[in-house]
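So the structure is just underneath, and the comments pick up after that.
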Amino acid sequence: MKGGPIAADSGPADSSAQGRLRYRLPVLISLVGIFVVLSFHLALRMAVRPPTLWIYWFGMVLVAVPGILSGERKAAVFGLGAFAFLQCFAYTLSSPYGFVYLRDPLYNLQLATLVQTTQAWRPGMGAGQAFAYSFYPGSNLFHVAVALATGLPLSRLYLFVTGILRFAVLPLGLARMLGRFVKPQATYVVVAIFLATPSNLFDLPHQQEFAYVFLILGLYAAIASTTVPGGFRFAAATQLAALVFVATVAVSHAFTSYVSLFMFPAMPVVGLIVEWWLLRSRHIPYRHLASRGVIAQTFKGLRFTAVAFAGMFLSWSALVSSPLELAWLDYASESLERLFLPHQFIAPTGSAPSGVAAGFSYTPDELAIIGMSLLILLLTTLVGVFILWRRTDRLTGPARPSAGILLVLFVVALVPMVASAPLSVTGGLFIPLRIFEFSIFGFAPVVGLVFALALARGRLRNLALMAVVLSVLLVGGSLTQDGTPRYQFLPPGAVYSAIQTHLTTDMLRAADWAKTHIDPPLVYGDELVQDAFGGSAGFNIAPEHWPAFPLFNASVLSGDLNFAYGLVPGDIVVTHVYMTRTVCFTAFRTTPLEPFKVEKFAQNSTFAIVYADATVTIYRWNGPA
């Protein structure tokens, strides 16, 4: 008799134990992945180089994939949260010396430092790229405000403030907004794919990444104002919040503003078109669910937001940023000429893809993963669109009445991606890479829909296949992001000058010394010099293509150097030990400089050494004007 109750309770106990295992096992695997990734970063910080970069990517896969595919909410939230943290703070964790690195963050830091020092902001302040950034100072002013509030130096804040904002807003904001249209498991996949967006700026302290946070908040508030029950007061409050968020976008980044200027009105307009098609389609068995009420109600709030944002942007452009807008128009017209006109009729501009955008530094296995991830993204998107178009009877849950909304998001995301793709062959590859961060907003829900349908069958074979596919998507997309530690594993022929491991204390000390002791009209150097002396110290840098390129590549310096290279008395030339070991991604040099080309300045009497250490030498030109 005593054995009866025990036998009767064994079924539920076993079921409960299996449930705990389904939750605990993915969490345990994610913890192992976190340990692997953080240990990898720690080893690099301690100057211990792991044998291969694939250890890092394997750890990232362990962090995210088991929880997302487990079907357990707690495991998925834990794994996705850990993956989001590691992605949003990849730039911070990958800093080898705890310094701000890479050109865009350095020039953003320069502008913020100038604002903090002068206690004022004006359009056109700053040197080099900081001049352009000054027309959209939202993120810089935000960092200065945080510095004043906390007392922390800007050089530290730029390492993690943008990461905190993105980690706090993007995963949860995207999940809450897009989760209205797809099932929870599809939502997890959507957020994971977004966090692995193939965009070189994704995890950097850059104006676009700051503005993108407020773009998502503005979209979410505008959609929530008409889709979440709450009465007039709630709708008015969320619309007001949306206006504040999009106003922040309008003063924070030019490119994000341009894309937003298209996206905000495009969603309601495309919504009307898709709504008209759905109501007349023979393939939609639930026309009454995907009718005017569903689509119009979702995008109704965006109509007012679109008009308000257009007014804000045009006002800001007319009053403040018109010089930058004109420069972008010039670049766009030049790119179109290079795309459609014969090359012999176009003067070379020297514009070239830089950083990871060039693809120059990728190894064959990395290129294979990137190619497979893009192919998978394309194929799954096409399958998802086909399901939304012709097989909507297979949809269940929120995706069924929201099929039209998913189609609207896809079409709106597709237009800028297709429009910018031809720029890849004009030296403007950075534009499609940047746009991918906006387009993924429409592609990812469709891909997540396909994953949810495949996983719903519950077969182990499907689960294993989806794990491999998702792993390739996450690794392939993340490989294009600039803030990862892959730059410490470049192949020997692709080690370039402006790598974060070369922005050492010696380089920054030399730049600080020059800032304190001399005031040169122009600084001649390569990309690393531009980062240290231009971005960090705020000097005006001679353009790399001319006159810096001919000056450094000349075998002998003779004749009128003022006429030949534009040198004026007081200009400085900066050389460093990495010039003979590294390449540049612009036309400055595609092979390391020969030692005699670096040493020629010491042999010319018109150049005087004013600073030298084991890494850097600074020459001042004292020749005639």
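Mind checking whether some residue in the range 589-605 is surrounded by fewer than 20 Cβ atoms within 10 Å (Cβ to Cβ), charged (D, E, K, R), assigned to a loop (DSSP other than H, G, I, E, B) and at negative phi? Yes, the range 589-605 has at least one match. Applying the set (1) under 20 Å from the mean Cα position of the chain (by Cα); (2) surrounded by fewer than 24 Cβ atoms within 10 Å (Cβ to Cβ); (3) of a type outside the set (D, E, K, R) to Thr150 leaves exactly one unmet item: (1). Here is the figure for the range 259-274: residues that are in contact (Cβ under 8 Å) with a residue 60 or more places away in the chain and farther than 16 Å from Leu406 by Cβ total 2. Of the residues contained in the range 507-528, one or more are found to be in the same structural domain as Val583 (by TED's automatic domain parsing), at pLDDT 90 or above and hydroxyl-bearing (Ser, Thr, Tyr). For the range 561-580, the set of residues classified as β-branched (Val, Ile, Thr) and either within 15 Å of Thr504 (Cβ to Cβ) or buried (at least 22 other Cβ atoms within 10 Å of the Cβ) (or both) consists of Ile572, Val573, Val574, Thr575, Val577, listed by residue number. Looking at the range 436-471, which of its residues are free of Cβ contacts under 8 Å to residues at least 12 places away in the same chain and in a helix (DSSP H, G or I)? Of everything in the range 436-471, those that are free of Cβ contacts under 8 Å to residues at least 12 places away in the same chain and in a helix (DSSP H, G or I) turn out to be Leu460, Arg461, Asn462, Ala464, Leu465, Val468.
Mind counting the residues in the range 109-132 that are part of a helix (DSSP H, G or I) and touching a Phe, Trp or Tyr at 6+ places or on another chain (Cβ under 6 Å)? The total comes to 5.
Of the residues making up the range 184-233, those that are in contact (Cβ under 8 Å) with a residue 40 or more places away in the chain, assigned to a loop (DSSP other than H, G, I, E, B) and small (Gly, Ala, Ser) number 2. Could you tell me whether any residue of the range 161-183 is more than 23 Å from Ala242 (Cα to Cα), assigned to a helix (DSSP H, G or I) and in contact (Cβ under 8 Å) with a residue 24 or more places away in the chain? So far as the range 161-183 goes, no, none of its residues is more than 23 Å from Ala242 (Cα to Cα), assigned to a helix (DSSP H, G or I) and in contact (Cβ under 8 Å) with a residue 24 or more places away in the chain.
Residue-wise test of (1) surrounded by fewer than 23 Cβ atoms within 10 Å (Cβ to Cβ); (2) of a type in the set (Phe, Trp, Tyr); (3) at pLDDT below 95; (4) in contact with a helix residue (DSSP H, G or I) (Cβ under 6 Å, 6 or more places away or on another chain).
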{"position": "Met46", "(1), (2), (3), (4)": "yes, no, yes, no"}
{"position": "Pro50", "(1), (2), (3), (4)": "yes, no, yes, yes"}
{"position": "Phe58", "(1), (2), (3), (4)": "yes, yes, no, no"}
{"position": "Val63", "(1), (2), (3), (4)": "no, no, no, yes"}
{"position": "Ile68", "(1), (2), (3), (4)": "no, no, yes, yes"}
{"position": "Gly71", "(1), (2), (3), (4)": "yes, no, yes, no"}
{"position": "Ala75", "(1), (2), (3), (4)": "no, no, yes, yes"}
{"position": "Phe78", "(1), (2), (3), (4)": "yes, yes, no, yes"}
{"position": "Gly81", "(1), (2), (3), (4)": "yes, no, no, no"}
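Is there a residue in the range 309-321 that is touching a helix residue (DSSP H, G or I) at 6+ places or on another chain (Cβ under 8 Å), closer than 30 Å to Trp277 by Cα, modelled with pLDDT of 85 or more and not in a loop (DSSP other than H, G, I, E, B)? So far as the range 309-321 goes, yes, one or more of its residues are touching a helix residue (DSSP H, G or I) at 6+ places or on another chain (Cβ under 8 Å), closer than 30 Å to Trp277 by Cα, modelled with pLDDT of 85 or more and not in a loop (DSSP other than H, G, I, E, B). Residues that are farther than 23 Å from Val577 by Cβ and either in contact with a Lys or Arg (Cβ under 6 Å, 6 or more places away or on another chain) or of a type in the set (A, V, I, L, M, F, W, C) (or both) do occur in the range 478-497, at least one of them. Considered as a group, the residues in the range 606-625 that are among the β-branched types (Val, Ile, Thr) and assigned to a loop (DSSP other than H, G, I, E, B) include one that is nearest to Pro520 (Cα to Cα), and that residue is Thr606.
Exactly one residue out of Ala494, Ala421 is surrounded by fewer than 20 Cβ atoms within 10 Å (Cβ to Cβ), modelled with pLDDT under 85 and either within 19 Å of Glu366 (Cα to Cα) or over 19 Å from the mean Cα position of the chain (by Cα) (or both): that is Ala494. For Gly483, the stated conditions do not hold, so it cannot be described as closer than 20 Å to Ala196 by Cβ and assigned to a helix (DSSP H, G or I). Within the range 71-80, identify whether any single residue is not assigned by TED's automatic domain parsing to the domain that holds Val189 and not in a helix (DSSP H, G or I), and answer yes or no. Yes, that holds for at least one residue.
The values are calculated or read from the model by the stated rules, or taken from the named source; none is laboratory data. These figures come from a predicted structure and were not determined experimentally. Because the Cβ atoms are built from the backbone with ideal geometry, glycine has one as well, and the counts that use them run over all protein chains shown.
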